[in-house]
1. When the accessible area of the stretch 223-264 is computed with all protein chains present and a 1.4 Å probe, what percentage of it is carbon and sulfur?
2. Using a 1.4 Å probe and counting only protein heavy atoms, arrange Lys260, Lys137, Lys190 so the residue with the most accessible area comes first.
3. Just report the Cα centroid separation between the stretch 58-96 and the stretch 123-143, whole Å.
4. Determine which lysines satisfy two conditions relative to Lys148: a Cα distance under 21 Å, and not lying fewer than 8 residues away in the same chain.
5. Provide the net charge surrounding Val125, with neighbours chosen by a C-beta distance below 14 Å and charges set as Lys +1, Arg +1, Asp -1, Glu -1.
6. Which residues does a label at Asp186 reach in the stretch 41-83, if reach means a backbone N under 15 Å from a point 7 Å past the Cα toward the Cβ?
7. For Ser207, tell me the accessible area in Å² from a 1.4 Å probe, rounded to the nearest 10.
8. Could you sort Ile84, Ile109, Ile267 by their accessible area in this structure, using a 1.4 Å probe and putting the largest first?
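The values are calculated or read from the model by the stated rules, or taken from the named source; none is laboratory data. Only a predicted model underlies this, so the values are computations on that prediction, with no experimental measurement involved. Here the Cβ positions follow ideal geometry from the backbone for every residue, glycine too, while neighbour counts run over all protein chains shown. For accessibility, only protein heavy atoms count, side chains too; no ligands or nucleic acids. Shrake-Rupley method; radii C 1.70, N 1.55, O 1.52, S 1.80 Å.
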Amino acid sequence: MLERDSSLLALLGRRDFLKGAAAAGITVTSNLRLGLALQPRAESAPPIPEPHFPDRLHLFVWRNWELVNVDRMAEVVGATPDQILEIGASLGLPPKPYLTNEQLRRIYITTIRQNWHLLPPDQLVRLLGWRQEQLEKTLKEDDMLFIKVGSRRPDNPVLHYQAPSAEARKRSSAIKQEIREVLGVDLRLKGEAPFHFIEDLVSSQYSDQRDATAELGPDEIDLNGWVVTSSDGLSGLAAGLRRYLQESFAWTPANSTSEKGRLMLRIDHEAGLVPDSFRIAAD
């Protein structure tokens, strides 16, 4: 048993260490070597079967309907976009969405996982729009993705488009009917775009939080007609607070003749003893 020791590599050097390890019968796996994850191996297993689909082509369309644009799907299996759309319609899928380059850039892990037991490496690379080296690097370095997909490449045969047989059409129709019964009109509702939550996180727009039924309590202050200002160094914070009040509560600031009060933001190290806290004093 050989324990990993960085000082050993430093003394021997990488090349001498590998030579010595080979002579001693030690198996060494280099993280810098590409090609291992996509090379066929003796321990490769057949892909996980999905017998409830009419065939692999219908499974391909089903899995990639919301992950890959139709022209890329068609190119990978040697079909036309209309042929792919026809299969999707036969399965009862909703209208085919179009994905932006940014969405495609972010959704790659799902695309790899959905096609790992379906496509051989060459077709998977084309589906992603990558080079093989990029797929290899992603499998090896992106949060142990190769481990998560099973640590081995399934022996997937090349997938080619063929016009659906009568039996495939019959089974597709049954799937379509079951989808209609389970989902009904909800299937046609336009859902949220992929990764829309990122736009929400980075958006500078505040949502309307007004409550038309709310009444001013005895310990509350109506800030309409007030001035929001700050001491030196906090002007950005004051500007953000003014915009938040305006966008979320339709706040009306004071004008030159109707100042009802003044909200001053300032730092006072003696105002409290709790770090990162604040105190509001209203006179």
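1. Values: 1370 of 2530 Å².
That fraction is 54 percent.
2. From most exposed to least exposed: Lys190, Lys260, Lys137.
3. Distance between centres, Cα-based: 21 Å.
4. Lys148 reaches Lys137, Lys140.
5. +1
6. Under cut-off, by backbone N: nothing.
7. Number for this one is 80 Å².
8. Final ranking, largest accessible area leading: Ile267, Ile109, Ile84.
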